[in-house]
Amino acid sequence: MRETFHPTDPVARALTFSTMAFALSSGVFYTVSTLYFTRVVGLAPTTVGLGLGLAGGAGVLAAYGAGRLSDRAGAHRVLAGSTALMGVAMLAYQFAGDAVTFTAVACLTVAARAATGSAKQALLARWFTGPGRVEVRARMRVVTNVFIGIGTVVAGAALLADTAAAYHVAMATAGVLLLGACAPVVLLPRRTPGLARRLAPVAPTGSAGPAPASPADQAPAGTASPWRDRTYLASVAFNAVVALHFGLQTVGVPLWIASTDAPTVMVSVLLVLNTVLVALLQVRASRGSDDVRHAGLTVRRASWLLAGACLAYALAGHGSLVVACVLLVIAGLAHTLGEVLGEAGGWGMAFELADPRAAGAYQGLSQTGYAVASMVSPALVTATAIDHGAPGWALLAALFLAGGAGAAAVARRGARSAAERATAPEPAQVSG
């Protein structure tokens with residue numbers, strides 16, 4: 001727990017402290033934003049949905065662009081700048097009095113959020129290697145879940161007051177917290193020798209601190225492109241399919257529970273269950289994911305669990321109150337375990353299949369896949385499971401199984417290619 005919330009490595013520590021403030025802001029925002037936009041600003045729910053949909057498209061573009069920029073300007077600079085921009089954009093919601101202004105601010109906010117994700121991934125890819133890289137990412141996810149929960153509790157004061165002033169204060173607090181999240185990253189260069197040299201990876205043991213870079217690592221950024229790497233493109237695509245489950249969790253499950261005989265309080269029960277299990281299991285589940293083949297198998301296991309969760313959710317719609325509640329808890333357990341394994345395996349594939357010469361571009365493309373999944377999943381889940389019931393749930397289950405099987409196949413091919421390159425004989429040198 002100490003290493004999770006106060007790491008010894010300076011880069012991990014700075015990212016962790018920044019993540020705490022970032023997650024607190026997210027918890028506050030997620031809790032009050034919908035009511036703020038509809039009750040305080042006075043926007044129609046359809047307008048909010050359309051604006052956030054357009055913002056999702058901006059996030060897709062920003063995710064890859066921020067990764068490319070991280071290779072050129074330094075991931076820590078992009079992370080600090082995008083976090084500050086997001087804080088300013090969050091504060092600008094105070095002046096979003098009409099649909100056009102709201103959409104513009106939402107696009108800026110979501111684009112900045114996507115950029116922070118890509119820059120953070122690039123920073124991890126440059127500074128850490130091997131088991132240490134995925135483990136730090138897993139610990140940061142635990143921190144994120146815990147502090148989002150705390151932020152949600154804090155925002156409860158605004159819900160209790162239920163006044164325009166309270167919602168304004170909550171939204172302003174979210175923006176100020178984001179500005180505070182910049183400080184640990186901005187101060188990082190003066191506290192971490194070697195950061196200014198673009199964060200060369202560490203030794204294979206995963207210990208902290210920069211290690212001598214290989215000739216490949218020293219090659220100029222831009223000499224490798226993820227768009228020409230078919231293995232990496234396939235990895236991003238299949239992992240994005242598995243990542244559709246996040247939309248299932250945030251949109252599909254609450255709507256589905258409301259249509260069953262189970263009480264709506266089960267939404268909160270499943271959310272608490274998810275938060276606790278992620279905090280307890282994410283770091284453990286990430287072990288071994290630095291091996292590409294193992295990472296692919298982990299994603300495939302996650303897809304089996306997600307498919308099973310879909311079937312349990314479907315059955316919950318055809319039982320009594322008690323049966324529905326039991327099935328929902330079983331589905332929630334399988335869903336959370338699938339989420340934990342899917343994230344761990346996806347990180348391993350994103351890191352280990354990437355070319356170190358263009359770590360930012362590769363991680364940016366990986367985050368683009370998640371951004372696309374986030375944009376598409378609400379509509380997909382609604383059009384399948386919510387509109388068509390059991391057949392729709394079955395279709396989602398098949399989709400998860402296909403994504404997991406594809407990820408495992410790509411990882412197996414990537415591991416085989418890496419082994420062949422490692423055993424290939426050195427080209428003969430001709431003396432002159």
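The values are calculated or read from the model by the stated rules, or taken from the named source; none is laboratory data. Model, not experiment: these values are computed from the prediction. So basically every Cβ, Gly included, is an ideal-geometry build from the backbone, and we count neighbours across all protein chains shown.
Some points to look at:
- Pairs meeting the criteria (first residue in the stretch 13-25 and more than 8 Å from T144 (Cα to Cα), second residue small (G, A, S) and surrounded by fewer than 23 Cβ atoms within 10 Å (Cβ to Cβ), beta carbons under 7 Å, at least 6 apart or on different chains) are A21/G180.
- Residues of the stretch 21-44 satisfying the condition of being more than 20 Å from L271 (Cβ to Cβ) and either not assigned by TED's automatic domain parsing to the domain that holds Y93 or not polar (S, T, N, Q) (or both): A21, Y36, F37, R39, V40, V41, G42, L43, A44
- In the set (1) at pLDDT below 90; (2) within 23 Å of G117 (Cβ to Cβ), L159 fails one condition alone, (2).
- Failed criterion for G59 (all others in (1) touching a Leu at 6+ places or on another chain (Cβ under 7 Å); (2) within 28 Å of V142 (Cβ to Cβ) hold): (1)
- If the condition is being within 21 Å of L281 (Cα to Cα), buried (at least 22 other Cβ atoms within 10 Å of the Cβ) and of a type in the set (V, I, T), then the stretch 113-142 contributes V134, V136.
- Any hit, the stretch 161-168, residues being surrounded by fewer than 24 Cβ atoms within 10 Å (Cβ to Cβ), among the β-branched types (V, I, T) and not in a helix (DSSP H, G or I): yes
- Counting only residues that are of a type outside the set (A, V, I, L, M), more than 17 Å from V185 (Cβ to Cβ) and crowded, with 20+ Cβ neighbours inside 10 Å, the stretch 5-32 holds 3 of them.
Conditions (1) surrounded by fewer than 20 Cβ atoms within 10 Å (Cβ to Cβ); (2) under 24 Å from S417 (Cα atoms); (3) touching a Gly at 6+ places or on another chain (Cβ under 7 Å), marked per residue:
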| residue | (1), (2), (3) |
| --- | --- |
| D290 | no, yes, yes |
| T298 | no, yes, yes |
| L305 | no, no, yes |
| V323 | yes, no, no |
| G332 | no, no, no |
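- Single unsatisfied condition, A161 versus (1) free of Cβ contacts under 8 Å to residues at least 12 places away in the same chain; (2) closer than 24 Å to L52 by Cα: (2)
- T38 meets all of the listed conditions (1) surrounded by 15 or more Cβ atoms within 10 Å (Cβ to Cβ); (2) at negative phi but one, namely (1).
- Some residue of the stretch 215-224 being under 30 Å from A373 (Cβ atoms) and modelled with pLDDT of 60 or more: yes
- Tally, over the stretch 284-305, of residues that are hydrophobic (A, V, I, L, M, F, W, C) and within 17 Å of the chain's Cα centre (by Cα): 4
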